[in-house]
Amino acid sequence: MTLALDAATPRRRRMASVTYWDVLKWVIALSVTVVILFPIWWMINVVFAEPGTPVSINPRLLPTSLEAGWSKILMILRETEYLRAYYISVAYALLTIIGVLAVGSMAAFEFALFDFPGKRPLFGLVMLSLMVPTAVTIVPTYLLVADMGWLNTMQGLVVPGMASAFGLFLLVQFMKGIPHEMIEAARLDGAGHFQIYWHVVMPLAKNALVTLAILTFMRTWGNFMWPLIVAPNAQMYTVGQVVGLFNAPYSHHTVDVVMTANLLAAVPPLIFFLIFQRKIVEGIAMSGTKG
Amino acid sequence: MARLDITNLAKSFGPMSVLSDVNLHIDSGEFVVFVGPSGCGKSTLLRIISGLETMTSGQLRIDGAIMNDVDPAQRGTAMVFQSYALYPHMTAAENMGFSLKMARQTKPTIREKVAKAASILRLDALLERRPSQLSGGQKQRVAIGRAIVRQPKVFLFDEPLSNLDAELRVRMRAELIDLHRRLGATMIYVTHDQVEAMTLADKMVVMNGGIVQQFGRPLDLYDDPDNRFVAGFIGSPKMNFLKARVGDVRPERVTLSDIAGTSTALELPFRGFDPAVSSVEIGIRPEHVRLAPTDEAGPNDISADVAFVEELGDVTYIHADMPGGERLIVRSDGMRYSGGKTCRARLDPGRFLLFDPSGHRIRSAHAH
């Protein structure tokens, strides 16, 4: 009897401590979740349904035909250039990540840990470029890339995105926190400049590098404008552009096929998000931006 | 083991001079402690020896070879930092073996040398741990191990025990003394703690304002300081300084009057006192001042107002205010404070150290 009383009392106390404000917070959180998840769920419902089933009326909450969905996915992968676009997008994202990390970390290493003439104005100049909207720089960058003969090439897609002022800023802020004594200890241990960068600073900046990699992936995968401008050749289409074709007014595709293309485009970021969920949240918190 | 010579070394940061005219000769195998208040230039001097900082002028030699422009890693020095500066992403073994890895030594050699250093420092069981899994003392031992594996000619320690608690600091001090005995290496140690300096050093370098005030054996500095700064810096509680006027000067004796604002006059043996000096400061250590019983006044007694009392059990320190404004600390062994508001302090003139108004020591001709 005593035990039962003991067990019940804290539960009652917990219930009593729930305020109206708590309930309101939960309602708001749930509403936001529904608003965000519903389009994705709707997309899945449309894909996994028999072709021709009306989508705008008689809404369904559950997929009706997994088989039909699979056959649409296979049809898109087999009968369109979707797989090539996947390959281009993945290569574009991975090469950009590698480039951003390499260029950003080396520049940040110098800016954060060493003094050199003109350091402050140079860093200021780089930071100033953060203020300039992409739309302003896109034409000169295009002209530069075109002059170099890089239109419709992977380097044309990747190289302009490798120098990231935001990435530099993020890494500099992080590397400034590395104690100077550690660098000095490495110097006394006989490590050269590059060895200090590679063996000491890079492992210590791992969290910031992972954050930057994630943010760069999110930015690159979702980048529609730059690939559209610099790689107009169908051989160099990214997933974004291919999905754009499906969505085009005269594409002659039914809504369910268009939705399948959209779903396929959303799968990699979703998987990426599920794997790196914690790191993404930490990264966004660290960088103070949504990328 | 190596000999180290510093000649006319100076260092300035822009217009600000932080070290000037430093001349030191450190013998092979000596444990030398640089001690002084914060900002006195001791760490800068250590960093110049290590090569992490350049000197503005002067010369540094290790075993006769000029080191001014030699890369820090090639000087044969190893440094232990105050913050340990261990690489957090490496295990203790990797931390210790990092310099060997950079020197492209083979993995078996690295393993062997790390194991040897670990056994000296009793770190064998901790080699696979990362710094975050180690206590402060263990981290410090790993940092020392990192220095040992390099087999340096000179060990440099930059306040390595400052981050440890008092008990651990005492234990690590004993370990460092033991390590020095076993390795027989030349060690230079920087601290602002004069007790640490006294207990560790074969020789001490007392610094202030970027200038070496005195260099010598700890007890020589304690007993026979060159100036008021060294006298005041070495010893805890610090030496008492009492102002006095110079009275009668004779070839073998000098009389001091108006001591600390009292009417007391004392005669002390002193050969060759300069009659031009009209006022001095008397330096006398707390252990050379005795509490005199209140009922038997002696000629060397001065009366003072008790400000506060520190009773430590084995010893009692009475802090008293003199009429001249000076603070007099009296050390009383075994005697307990009775609670009186005034006390009689008995000075021993034979223990007086005299300083001129500019703080320089006035030595009796006997001393030389």
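The values are calculated or read from the model by the stated rules, or taken from the named source; none is laboratory data. Nothing here was measured: the structure is a model prediction, and the numbers come from that model. Note that we place each Cβ from the backbone using ideal geometry, even for glycine, and neighbour counts take in every protein chain shown. Side chains included, ligands, DNA and RNA excluded: accessible areas come from the protein's heavy atoms. Shrake-Rupley method; radii C 1.70, N 1.55, O 1.52, S 1.80 Å.
So which of A:Asn262, A:Asn223 is in contact (Cβ under 8 Å) with a residue 12 or more places away in the chain, away from chain B (no Cβ under 14 Å), open to solvent by 10 Å² or more (accessible area, probe 1.4 Å) and in a helix (DSSP H, G or I)? That would be A:Asn262, the only listed residue that is in contact (Cβ under 8 Å) with a residue 12 or more places away in the chain, away from chain B (no Cβ under 14 Å), open to solvent by 10 Å² or more (accessible area, probe 1.4 Å) and in a helix (DSSP H, G or I). Within the stretch A:142-161, restricting attention to residues that are open to solvent by 50 Å² or more (accessible area, probe 1.4 Å) and part of a loop (DSSP other than H, G, I, E, B), the residue that is nearest to A:Leu101 (Cα to Cα) is A:Trp150. Would you say B:Val18 is more than 28 Å from B:Gly136 (Cα to Cα), open to solvent by 10 Å² or more (accessible area, probe 1.4 Å), out of contact with any strand residue (DSSP E or B) (no Cβ under 8 Å at 6 or more places or on another chain) and of a type in the set (Val, Ile, Thr)? No, not satisfied. If you go through the stretch A:182-214 and keep only what is open to solvent by 10 Å² or more (accessible area, probe 1.4 Å) and more than 14 Å from chain B (Cβ to nearest Cβ), you end up with just A:Ala213. Scanning the stretch B:338-368 for residues being of a type in the set (Val, Ile, Thr) and under 27 Å from the mean Cα position of the chain (by Cα) gives a total of 1. For the stretch B:334-358, the set of residues classified as assigned to a strand (DSSP E or B) and open to solvent by 30 Å² or more (accessible area, probe 1.4 Å) consists of B:Thr342, B:Arg344, B:Arg346, listed by residue number. Within the option set A:Leu130, A:Leu125, being part of a loop (DSSP other than H, G, I, E, B), surrounded by fewer than 20 Cβ atoms within 10 Å (Cβ to Cβ) and more than 14 Å from chain B (Cβ to nearest Cβ) holds for one residue only, A:Leu130.
Residues in the stretch B:272-313 that are under 22 Å from B:Gly247 (Cα atoms), open to solvent by less than 50 Å² (accessible area, probe 1.4 Å) and touching a helix residue (DSSP H, G or I) at 6+ places or on another chain (Cβ under 8 Å): 6 in all.
Just one of the listed residues (B:Val80, B:Val35) is away from chain A (no Cβ under 12 Å), open to solvent by less than 60 Å² (accessible area, probe 1.4 Å) and under 24 Å from B:Ala197 (Cβ atoms), and it is B:Val35.
Scanning the stretch A:59-106 for residues that are closer than 19 Å to A:Ser251 by Cα and of a type in the set (Asp, Glu) yields A:Glu79, A:Glu81.
Scanning the stretch B:38-67 for residues that are among the small types (Gly, Ala, Ser), in contact (Cβ under 8 Å) with a residue 24 or more places away in the chain and away from chain A (no Cβ under 14 Å) yields B:Ser38, B:Gly41, B:Ser57, B:Gly58, B:Gly64.
For the stretch B:187-206, state whether one or more residues are under 15 Å from the mean Cα position of the chain (by Cα), among the hydrophobic types (A, V, I, L, M, F, W, C), assigned to a loop (DSSP other than H, G, I, E, B) and assigned by TED's automatic domain parsing to the domain that holds B:Asn95. Yes: one or more hits. In the stretch B:135-161, the residues that are outside the structural domain of B:Met187 (by TED's automatic domain parsing) never reach a residue that is at pLDDT below 90 and open to solvent by 20 Å² or more (accessible area, probe 1.4 Å) with C-beta atoms less than 8 angstrom apart, at least six apart or across chains. The set of residues in the stretch B:1-15 being within 25 Å of B:His180 (Cβ to Cβ) and surrounded by fewer than 16 Cβ atoms within 10 Å (Cβ to Cβ) consists of B:Met1 alone.
Of everything in the stretch B:94-126, what is touching an Asp or Glu at 6+ places or on another chain (Cβ under 7 Å) and within 14 Å of chain A (Cβ to nearest Cβ)? Give them in sequence order. It would help to see each step written out before you state the result.
Looking only at the stretch B:94-126, we keep the residues that are touching an Asp or Glu at 6+ places or on another chain (Cβ under 7 Å), and these are B:98-99, B:102, B:118.
Matches in the stretch B:94-126: B:Phe98, B:Ser99, B:Met102.
Would you mention how many residues in the stretch B:45-73 are open to solvent by 30 Å² or more (accessible area, probe 1.4 Å) and at negative phi? Number satisfying all stated conditions: 14.
Annotation note: of A:Met182, A:Met175, the sole residue that is in contact (Cβ under 8 Å) with a residue 60 or more places away in the chain and within 29 Å of B:Tyr87 (Cβ to Cβ) is A:Met175.
Taking the criterion of being open to solvent by 10 Å² or more (accessible area, probe 1.4 Å) and over 23 Å from B:Met172 (Cβ atoms), the residues of the stretch B:187-215 that qualify are B:Asn208, B:Gly209, B:Ile211, B:Val212, B:Gln213, B:Gln214, B:Phe215. Summed over the stretch B:83-93, residues that are open to solvent by 10 Å² or more (accessible area, probe 1.4 Å) and facing chain A (nearest Cβ under 9 Å) total 6.
A count restricted to the stretch A:197-212 and to residues that are out of contact with any Gly (no Cβ under 9 Å at 6 or more places or on another chain), part of a helix (DSSP H, G or I) and in contact (Cβ under 8 Å) with a residue 40 or more places away in the chain stands at 3. Restricted to the stretch A:172-181, and to residues there that are more than 7 Å from chain B (Cβ to nearest Cβ) and in a loop (DSSP other than H, G, I, E, B), the residue that is least open to solvent (accessible area, probe 1.4 Å) is A:Ile178.
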